[in-house]
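Report on the following structure.
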Amino acid sequence: MRMVLKDIIDSQHDMQVVGVAKDGIEALEIIREKRPDVVTLDVEMPKMNGIETLKNIMGKFPTRVIMVSSLTEEGADITITALSIGAVDFLTKPSGSTSLSFREVSGTLIQKIRSAMSVDPEKLTVKPYVSRIKTSSKISLYERAVVIGASTGGPRSLDYIIPALPENFPAPIFLVQHMPPMFTKSLAMRLNSLSKLSVKEAEESEVVKKGVVYVAPGDFHMGVKADGNSVKIFLDKSEKINNVRPAVDFTLSKVAEIYKSNTVAVILTGMGKDGTKGAFKVKYYSGTVIVEDESTCVVYGMPRSVVDEGYADFVLPVHEIANKLVEII
């Protein structure tokens with residue numbers, strides 16, 4: 001499998017594999033000596049596993065790392081942890097731990113390596129910052145809703161925001177993170193373990209409640225619809241939007257149609273423009289749009305697009321967003 005990966009990367013005219021390691025300890029030696037631009041790192045390795053190796057890389061010589069993991073529940077849990085530690089992105093193996101059919105995803109691998117090159121490695125090692133939230137015992141009577149959209153670098157930004165929100169947060173939060181099935185479930189479980197709020201993967205037809213974070217399941221768009229006096233979630237398998245499903249644009253559009261001016265959109269780090277059309281819809285209904293500032297973004301793509309279109313009301317570093325949400329809500 002290492003040879004297959006090497007062949008795929010070396011086939012590119014502007015890429016060269018400078019080292020191949022059979023375990024984490026050997027990898028650290030090669031990285032120390034060669035200082036590569038990007039590292040592909042398997043989750044499952046002898047002597048030192050992927051997570052321990054990643055911690056060492058980020059602690060000693062911050063480097064852009066793409067995790068390679070198996071498409072299993074355990075693999076998803078480990079990958080979410082890796083993204084929180086500082087991995088830029090991840091790629092799932094087409095089959096099994098030793099995936100000899102890896103050439104099936106060669107195009108995706110090359111694309112992710114190219115994308116990783118736009119990331120500043122120094123931004124990957126910022127220590128988590130816990131906001132001190134000033135809360136009021138009074139809960140607003142206004143029905144509001146928050147939509148958070150993120151892509152590359154999202155799990156780390158979410159670590160700053162969701163755990164910092166108070167348990168009496170009086171609005172539902174709809175979270176769209178570009179990830180495949182199983183990985184979104186692992187993300188929800190991890191955030192739930194760190195947060196005062198309840199965080200869960202969204203389910204078809206469940207009634208929306210305040211103080212709950214609903215994570216869009218991988219491969220489903222997440223929307224909301226009015227049902228009598230309540231609002232319910234619906235999951236949608238329609239065409240991909242911006243080449244992704246779930247898409248931030250889909251959720252923002254549906255939420256804005258229900259909550260109108262009481263919609264608050266938060267666009268975090270990520271590549272591309274997903275969230276821009278949704279931000280337009282929020283502004284159309286006189287809602288509020290917050291974007292993550294370039295200084296804390298792993299990739300300043302999605303936020304930049306919203307700012308360039310003039311839809312952003314607040315542009316904030318990630319550690320100030322939770323406080324702003326509490327203030328607005």
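Some observations on this one:
- Residues 48, 189, 58, 182, sorted by accessible area with the largest first, give 189, 182, 48, 58 [1.4 Å probe; ligands and nucleic acids excluded].
- If the convex hull is drawn through the Cα atoms of the chain, its volume per residue in Å³: 125 Å³
- Positive-end extreme of charge dipole, the chain - chosen from 76, 154, 9 (charges on Cβ): 154
- Pairs over the 18 Å Cα-Cα cut-off, from the set 22/47; 6/34; 237/273; 6/93; 112/237; 112/185: 237/273; 112/237; 112/185.
- The helix-only estimate of mean residue ellipticity at 222 nm for the chain, built from DSSP H runs of length n ≥ 4 each weighted as -39500 (n - 2.57), is -10000 deg cm²/dmol after division by the residue total.
- Computed in the context of the full set of protein chains, the accessible area of the chain at 1.4 Å probe radius has 49% of its extent on carbon or sulfur.
- Helix 106-116 and the long axis of the chain differ in direction by around 70°, with both axes built from C-alpha atoms.
- About the Cα centre, charge dipole magnitude for the chain (Lys/Arg +1, Asp/Glu -1 at Cβ), debye: 540 debye
- Against the chain, whose longest principal axis comes from its Cα atoms, helix 183-194 is set at around 70 degrees.
- In degrees, nearest ten, helix 24-34 long axis to first principal axis of the chain (Cα): 80 degrees
- Extension gain for the segment residue 55 to residue 240, taken as residue separation times 0.36 nm less the Cα-Cα distance, is 63.1 nm to one decimal.
- Reducing the range 242-293 and the range 9-77 to their Cα centroids gives an inter-centroid distance of 34 Å.
- Computed over the range 1-97: relative contact order in percent, which uses C-alpha pairs under 8 Å that are six or more apart: 22 percent
- Modelled label positions at residue 315 and residue 11, each set 7 Å beyond Cα in the direction of Cβ, lie 4.1 nm from each other.
- Residue list for the range 1-16, given a label point 7 angstrom along the Cα-to-Cβ vector of residue 110 and an amide N cut-off under 14 Å: 5-16
- Summarising the amide proton neighbourhood of residue 68: residues at separation of 5 or more, or on other chains, whose placed amide H is nearer than 5 Å comprise 41, 42, 43, 91.
- For peptides 172-178, 41-47, 287-293, 160-166, sequence by mean Cβ density within 10 Å, most packed first: 172-178, 287-293, 160-166, 41-47
- The slack in the chain from residue 117 to residue 210, taken as 0.36 nm per residue of separation less the alpha-carbon distance, amounts to 29.5 nm.
- Residues of type aspartates and glutamates that residue 196 reaches as a straight line, Cα spacing below 17 Å, ignoring anything fewer than 8 places off in the same chain: 159, 167
- Under 17 Å of direct C-alpha separation, and excluding same-chain neighbours fewer than eight residues apart, residue 281 reaches these aspartates and glutamates: 249, 257, 308, 309, 313.
- Residues in the range 248-278 that a label on residue 308 would reach, taking backbone N under 20 Å of a point 7 Å out along Cα→Cβ: 248-250, 266-278
- If R0 equals 22 Å, the separation of the Cβ atoms of residue 168 and residue 232 corresponds to a calculated FRET efficiency of about 0.40.
The values are calculated or read from the model by the stated rules, or taken from the named source; none is laboratory data. As the structure is a computational prediction, the values presented were derived from the model and not from experiment. Positions of Cβ are backbone-derived with ideal geometry, glycine not excepted, and every protein chain shown enters the neighbour counts. Remember, those area values only see protein heavy atoms, side chains included, never the ligands or the DNA or RNA. Shrake-Rupley method; radii C 1.70, N 1.55, O 1.52, S 1.80 Å.
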